[in-house]
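The values are calculated or read from the model by the stated rules, or taken from the named source; none is laboratory data. What you see is a predicted model; the values in this text were computed from it and never measured. We place every Cβ from the backbone using ideal geometry, glycine too, and count neighbours over all the protein chains shown. With ligands, DNA and RNA removed, areas are computed over all heavy atoms of the protein, side chains included. Shrake-Rupley method; radii C 1.70, N 1.55, O 1.52, S 1.80 Å.
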Amino acid sequence: MKIKENWSLPNLKEAAKRTRSAVERVDHYYIPANTLDLGTGKTYYISTYGCQANQRDSETIAGILETIGFRPAQDLEHIDVIILNTCAIRQNAEEKVLGEIGRFKKLYRENKDLVIGVCGCMAQEDEFVKLILEKYPQVRLLFGTHNIQDLPVMLYDAMVKHEKVVKIYSKEGEVYENLPVKRFENHKAWVNIMYGCDKFCTYCIVPYTRGKQRSRMMDEILKEVQELKDAGYKEITLLGQNVNAYGKDLEEPIDFATLLEETAKIGIPRIRFMTSHPWDFTDEMVDIIARYDNIMPFIHLPVQSGDDEILKRMGRRYTRESYMKLYRKIMDTVPNAAVSTDIIVGFPNESDEAFEHTLELVKECQFDNAFTFIYSPRPGTPAAKMEDGIDEQTKHERLYRLNEEWNKYALEKNKAYIGKKVTVLVDGASKRNDHVYSGYTETNKLVNFTGENIKPGDFVDVMITDAKTFSLDGKAV
Ligand code: SAH
Ligand code: SF4
Ligand code: F3S
């Protein structure tokens, strides 16, 4: 195969630079005419890893592919394009992707026209791209988080010119409006409100893979929410790595509280948002959440650690005390609030005492849900260079103890629902039994319940009859 000369390879150091230059905003999306029927009669499959930002990007990728004629593949035997949208947050996320690329090797051997593309956060890492180029010849297309809009041209080069295409920019990034989108769900939708991250927590790769914080203009966001409401969507989730910092980067700064209030006024039945960094969470935001019935009383508030020294070395810029103050303010102000969190154990040289501080915090907050991780060094981040004398076994034991602890409270919180009536937004019927449905409460609890003649997107009142750690059981009333 001819190798294209103008490869753009990523550079993590370059990606960490931040300038004061204005964000470029691109409103019109243009698909070159010669690519418009590239996918006619052809099929695609997208495999998505990582967070909601990636889910939403995959919807854009699907939207672009379908605009140029591709249709979703029914099976992997007759397939023309496979896209793996990857996540770099932890080592194990990366290993899964390599495993999947390995499995596709056979398909490529049988069909040399197959285009296997890899994009997303891993594609922004120089070492990963080098590895793919050296060891995985079946990957014929590599593109980064800043290059999605160029997909038609990249695919044309791969499919028509038979080139190996590598297009990855390491830059601060733009804001694109009006890219095609194929929403994967019919009653719930993701709405990006900002891209990138400038927080540079010392363990985290995201600011390198996603560029600088760029907020969308509020009127663009509200227009999208209005369109979703008009199309019958019941729930939207406002997305950003730090939604609370929304608008701080705009020429005329605006805050998240204002955006949240304006979104609520549009009247879509359910509004969620994630992720909230405790640092930028203002009292005004808490008040707005409390004031509007259609802003769900559920807040994902990652704490990461309950120890001040670790928080400082993580670069989180809040203390255990200020987190607790915010937590109490939320619980005291928002009726029936549920709070979930993220916690990392085994941060470099986390002492036993520091870990105990985290357990104590969990005991105090009694979170409704928690996502817990063993620290995974990300090459190129400051924490990866920190000395770490803690052995793997200790880290695993801590994770186990932490999970035991939060599971206990989650179960208690769920048990308090027994005998109560909740409103569930229905996602669908169980695969095994079509009289069993599932959906989520306002507080983001998963409910499995029995009922008749129920459709996805319905709001159903459910009486809760039983509680588990991760879900509730009930009966439609
Ligand atoms: N922007 C969000 C977090 C996005 S990443 C925030 O600041 O809250 C999701 C979670 O992955 C983080 O909250 C953290 O708990 C975890 N995480 C990030 N980097 C990690 C690493 N290097 N090792 C282990 N967990 C990590
Ligand atoms: Fe990562 Fe911190 Fe940004 Fe969250 S706020 S994405 S943890 S750097
Ligand atoms: Fe993963 Fe990138 Fe999201 S690293 S968590 S997919 S921003």
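In the stretch 200-301, counting only helices (runs of 4 or more DSSP H) that sit wholly within it, the ones holding 3 or more residues that are farther than 25 Å from Glu59 by Cα span 256-266, 283-291.
On inspection, Ala370 qualifies as under 21 Å from Pro297 (Cβ atoms), within 23 Å of the chain's Cα centre (by Cα) and either within 16 Å of ligand 2 (Cβ to nearest atom) or assigned to a strand (DSSP E or B) (or both). Filtered by the rule that a residue be away from ligand 3 (no atom under 16 Å from the Cβ), under 21 Å from Val153 (Cβ atoms) and out of contact with any Leu (no Cβ under 9 Å at 6 or more places or on another chain), the stretch 76-129 gives a lone residue, Asp113.
Filtering Arg313, Arg291 for residues that are assigned by TED's automatic domain parsing to the domain that holds Ala384, under 21 Å from Phe371 (Cβ atoms) and open to solvent by 20 Å² or more (accessible area, probe 1.4 Å) leaves a single hit, Arg313.
Of all residues in the stretch 263-283, those satisfying the criterion of being of a type outside the set (A, V, I, L, M, F, W, C) and either crowded, with 16+ Cβ neighbours inside 10 Å or in contact with a Cys (Cβ under 8 Å, 6 or more places away or on another chain) (or both) are Thr263, Pro269, Arg270, Arg272, Thr275, Ser276, His277, Pro278, Asp280. Suppose the filter is in a loop (DSSP other than H, G, I, E, B), under 25 Å from the mean Cα position of the chain (by Cα), basic (Lys, Arg) and under 18 Å from Met386 (Cβ atoms); does Arg317 pass it? Against the criterion (in a loop (DSSP other than H, G, I, E, B), under 25 Å from the mean Cα position of the chain (by Cα), basic (Lys, Arg) and under 18 Å from Met386 (Cβ atoms)), Arg317 qualifies. Taken together, Lys199, Lys229, Lys223, Lys188 contain a single residue that is within 17 Å of the chain's Cα centre (by Cα) and either free of Cβ contacts under 8 Å to residues at least 24 places away in the same chain or away from ligand 2 (no atom under 11 Å from the Cβ) (or both), which is Lys188. Of the residues screened, Leu141 is one that is closer than 18 Å to Met159 by Cα and either assigned to a loop (DSSP other than H, G, I, E, B) or more than 16 Å from ligand 2 (Cβ to nearest atom) (or both).
The requirement of being without any contact (Cβ under 8 Å) to a residue 24 or more places away in the chain, assigned to a helix (DSSP H, G or I) and open to solvent by less than 10 Å² (accessible area, probe 1.4 Å) is not satisfied by Leu361. May I ask you to list the residues in the stretch 79-97 that are crowded, with 23+ Cβ neighbours inside 10 Å and part of a loop (DSSP other than H, G, I, E, B)? Across the stretch 79-97, the qualifying residue is only Ala88.
Taking the criterion of being out of contact with any Gly (no Cβ under 7 Å at 6 or more places or on another chain) and surrounded by fewer than 21 Cβ atoms within 10 Å (Cβ to Cβ), the residues of the stretch 164-178 that qualify are Lys164, Glu174, Val175, Tyr176, Glu177, Asn178.
Across the stretch 184-227, the number of residues qualifying as away from ligand 1 (no atom under 16 Å from the Cβ) and in contact with a Lys or Arg (Cβ under 6 Å, 6 or more places away or on another chain) comes to 2. Considering the stretch 420-469, the residues that are polar (S, T, N, Q) and part of a strand (DSSP E or B) include one that is nearest to Ile271 (Cα to Cα), namely Thr423.
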